[in-house]
Each structure stands twice: as C-alpha cells, then as structure tokens.
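The values are calculated or read from the model by the stated rules, or taken from the named source; none is laboratory data. These numbers were taken from a predicted model, which means no experiment stands behind them. Using ideal geometry, Cβ is built from the backbone for each residue, glycine included, and neighbour counts are taken over all protein chains shown. Quick note on the areas: whole protein, heavy atoms, side chains included, nothing else; ligands and nucleic acids left out. Shrake-Rupley method; radii C 1.70, N 1.55, O 1.52, S 1.80 Å.
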Amino acid sequence: MLINNFVLEQYDSYILPTYGREELVFISGQGSYLTEVDGDKYLDLYPGWGSACLGHCHKYVIQQINDQARELIHVPNNFYHPWQSELAEQLAMQGFGGLSFFCNSGAEANEAAIKLARRYGSPKGRYEIITFDKSFHGRTLATITATGQEKYQKGFEPLPAGFIHVPFGNFAAVEKAVSDKTCAIMLEFIQGEGGVNVAPDSFFKQIETLCRKKDILFIADEVQTSIGRTGSFYGFQTFGVEPDIVTLAKALGGGFPIGAMMAKPRLKDVLTAGSHASTFGGNPLACRAALAVLTVFQQEKILDNVKEQESYVRGLLNALQTSTNIIKEIRGRGLMIGIEFSVPVARLKQLCKERHVLINTIGDTIVRLLPALNIDHKDMQHGINVLGQAIKQLAKEQ
Ligand SMILES: *Cc1c(COP(=O)(O)O)cnc(C)c1O
C-alpha cells in the first residue's frame, strides 16, 4: 500500500489532472485479470476500454512485439517496410476492400477521415459534415467538434466550422440537415461513450442510400465497434451496409497504440502525397502487433466466443431485468453491452469493485460491458455473477 500512496502522490505532483482516476495501481495483467502492486487481482470487464480485445498480454501478441522490437521499431513513411502493407491487405480482406492510412489513435483516424472528406468535397465547395447527438469521435479540436456532446467542447471555442449535429436514429432530421454544402455523414453504429445508444437497423441503410444518391461520403467511426466487438469483424457487417470510409483504433493493436483510416478504392487519390502524414503512423512495431491480433482472431475463432458469451450474458441480464425492477433497458450488440438503470450506478460500481470486478459506467445510470473478446466462459460467469449480486443488492436498497 505504501508504494500505491507514493504513486498517487507522484501523479498529484507531476501529472496534469485531466482524468478522474480510481485509486488502483496496476503493475501486470493476464487475460481478463489485472494485478495490483500487492498482488490483488481484479477481473476487468472493460480491458483498455475495449482495446485489449484479447485480454491483457496475450502470449502470441507479446512474442510478435518482442521479435519486432529486436528487428526494427520504426522507419518513417518516406520508406517502405513489409508489415504496413501486409496489415493493410489483411484489413481489406476482412470485407472492406479499401486502402489504409495508418496513425496512432482513434482521434487521429477520424481527423484523417474528416480531412479526406473535406478534400473530396472541396472542388464542389462542399465542407459540411453531419454527425449525431451523443456521438463521440475523439479529443482533437476537429473531433470534439464532430462529437455531439457539449461537455467536450466547452471552453475550447472557437471550434472549427462546418459540423452539424442531428438526433441519432432520426433519418428525417438527417435529410433536413443535408445541403449542397454537405460532404460527409459520420456515425458510430453503436454510440459507445455516449451511452451504448442504438438506432433502428433501417437507419443505416437509409443513410447509405442517401449518401449514394447525393455523392456524400458515408464515414463509419468504428474505433469501438470493429475487430469483432459487435459479433462481426467490422460493425458495418453487423448492420448490413457499406461505408465509404471506416476508422479503426482501440482493439486494432490489442492494446498497442495504432489507428487506421480506410477508404474505398475510388477515393484512392483524394489525399495526395504530402497532404496528410503521421511520424509514427504504421510503424513496423505497431503493424506487427495488429497483425498478431488478426492471426489470433482467426486461430482462436474469436467471433464464435463473442456470440457464445453474448447469449450467455444477455440471458442472465434479461432474467435480472425481470427479477429486479431497476433495469430500464439492455442495449448493444455482441460484447458491447449497455445496461441502463432507473437508479444511479455509482454504488453498483463500488459493490463490484469490493468484490474485485471492474465495470465501466457512463453518466449516472449506464453500465457498459466491453469484456475481452476471448474471455473464458468461467471468467465471464464469475463477472456476471458478481454484477448480478450487486444489482440485486442495489435493488434491495431502493
Ligand atoms: C475511443 C473512441 C475514439 C477516440 O479514440 P482515441 O484513441 O482515444 O483518440 C473515437 N471514436 C470512438 C467511437 C471511440 O470509441
């Protein structure tokens, strides 16, 4: 505990306080478990906010990262190396069929998508991008502006011009917002940070049709919904549409920082040489980590596990919704599950933490589950049992 206090004090003295943190100091992780300095283990039901899609420290990913670190960590993008193109080909072959630009995070991937859309629209004087209320697209100036939540924008004005927000799932509002200045519509298939919000499936098809008809780019921010999270490799496969641009980050490197903006072949020449760049983007180490994730994804049949665990978790949650009366709604797809309560969930989170299970909460009343996609059934059972007991206790206390 002494060392914990030391670390907390160091943070207080030397780290800018941009985060609300829980007082847990982790030094190692394995699978779905994190370990504190004193050896206490916690079951993590949202490893890396969904980044650690194969849990913490997957053996094969570690081995590939180690091998690559010894060979070559970084060559900038004025040269070639084999891992970047291999990764781009594999991502295309998962069902998108496009070309990639690599960067280091979700915000950067979205920033690249925004820049591509602006360039695409520029000859026709089009620059407006329609996004949605309660969306989340990152923390750079352009992406907080794309984000449909005022709390992320407050005090950072003036914001870049050209972003219009409309209610998620309301197609009439989208049609009304479209003008001869619109160059793109950008959305998450399931709004993650905004509360695991869903729209009717028909909504995405309507957007796709509208975009085709008006030559507007359909940008899917799949930073959270891709790499198997919703039950298909890409979220657009779950929702049966084909965006023009897809952005990836979080789970792509299994926890190692890497982002990607992928665009359909017809957009290949919009961002010409020199128009966009990233020093670290697509470096050998990050690409090798992502390639390792894709290999494990196939070998361990991750999608089968996502489906199995999803139906198990949903079964138990549905039963809890009936037996307690504090669950308003259970939302999401695959292993991206939101539970909205009719009461505050801070106490629920605390009860789980006391039993060494970590859950993520959004706002006052929403719990978001983003377990590792390869989570063991035994671990999932344990996590949901603890959550279930905590829900029952919370219901009793009302
Ligand atoms: C997390 C997230 C981002 C931002 O990603 P960073 O890597 O934190 O920049 C953008 N969009 C969505 C949908 C996200 O979930």
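Remarks
- Taking the chain as a Gaussian network of alpha-carbon nodes connected by springs under 10 Å, the highest mean-square fluctuation of the residues 142, 273, 52 belongs to 273.
- Rounded if a/c under 1.5, otherwise prolate or oblate - segment 211-278, Cα gyration tensor axes: oblate
- Cα gyration tensor shape for segment 302-398, rounded if a/c is under 1.5, else prolate or oblate: prolate
- Take every Cα pair under 8 Å whose residues are at least 6 apart in sequence, average their separation, divide by the length of segment 106-218, and the relative contact order is 28 percent.
- Considering segment 226-316, its Cα convex hull presents a mean projected area of 7.4 nm².
- Solvent-accessible area of residue 340 with every protein chain in place, 1.4 Å probe, in Å² to the nearest 10: 40
- Angle in degrees between helix 2-14 and the longest Cα principal axis of the chain, rounded to the nearest 10: 30
- The ellipsoid equivalent to the alpha-carbon distribution of segment 345-398 has semi-axes of 19, 13, 8 angstrom, derived from the gyration tensor eigenvalues as √(5λ) and listed largest first.
- Label-point gap, in nm, between residue 8 and residue 23 - each point 7 angstrom along Cα→Cβ: 0.3
- Rounded to 10°, Cα long-axis angle of helix 82-91 versus longest principal axis of the chain: 80
- Within the shell defined by Cβ-Cβ distances under 15 Å, the residues around residue 271 carry a net charge of +2, with Lys and Arg each +1 and Asp and Glu each -1.
- Orientation-averaged projection of segment 166-208 equals 3.1 nm² [convex hull of Cα atoms, one quarter of hull surface area].
- Expected-Rg normalisation [2.2 N^0.38 Å, Cα atoms] applied to the chain: 0.99
- Applied to segment 206-223, the Karplus parametrisation 6.51 cos²θ - 1.76 cosθ + 1.60 on θ = phi - 60° returns per-residue 3J(HN,Hα) values of 4, 4, 4, 4, 4, 4, 4, 5, 9, 6, 9, 7, 9, 9, 9, 7, 9, 4 Hz, with x for Gly and Pro.
- Estimated translational diffusion coefficient (Stokes-Einstein, Kirkwood radius over Cα pairs, 37 °C, 0.692 mPa s) of segment 127-172: 308 µm² per second.
- Three-way shape call for segment 85-134 based on the alpha-carbon gyration tensor, with the a/c threshold at 1.5: prolate
- Per residue, segment 213-334 exposes an accessible area of 36 Å² to a 1.4 Å probe, with every protein chain left in place.
- Contact order normalised by residue count of the chain, Cα under 8 Å, 6+ apart, percent: 22
- Beta bridges per DSSP, both residues in the chain: antiparallel share near 60 percent.
- Translational diffusion coefficient (Stokes-Einstein; Kirkwood radius from C-alpha pairs) of segment 132-256 at 4 °C, 1.567 mPa s, in µm²/s: 87
- Springs between Cα atoms under 10 Å define the GNM used for the chain, and in it the highest mean-square fluctuation of 293, 386, 61 occurs at 386.
- Amide hydrogen proximity for residue 28: with H placed 1.01 Å from N in the peptide plane, the residues at 5 or more positions away or on another chain lying under 5 Å are 35.
- The chain, accessible surface, carbon-and-sulfur percent (1.4 angstrom probe): 53
- Reduced Cα scattering model of segment 46-151, Debye log10 I(q)/I(0), q = 0.16, 0.22 Å⁻¹: -1.04, -1.33
- When you restrict to C-alpha pairs under 8 Å that are six or more residues apart and normalise by the size of segment 282-366, the relative contact order lands at 18 percent.
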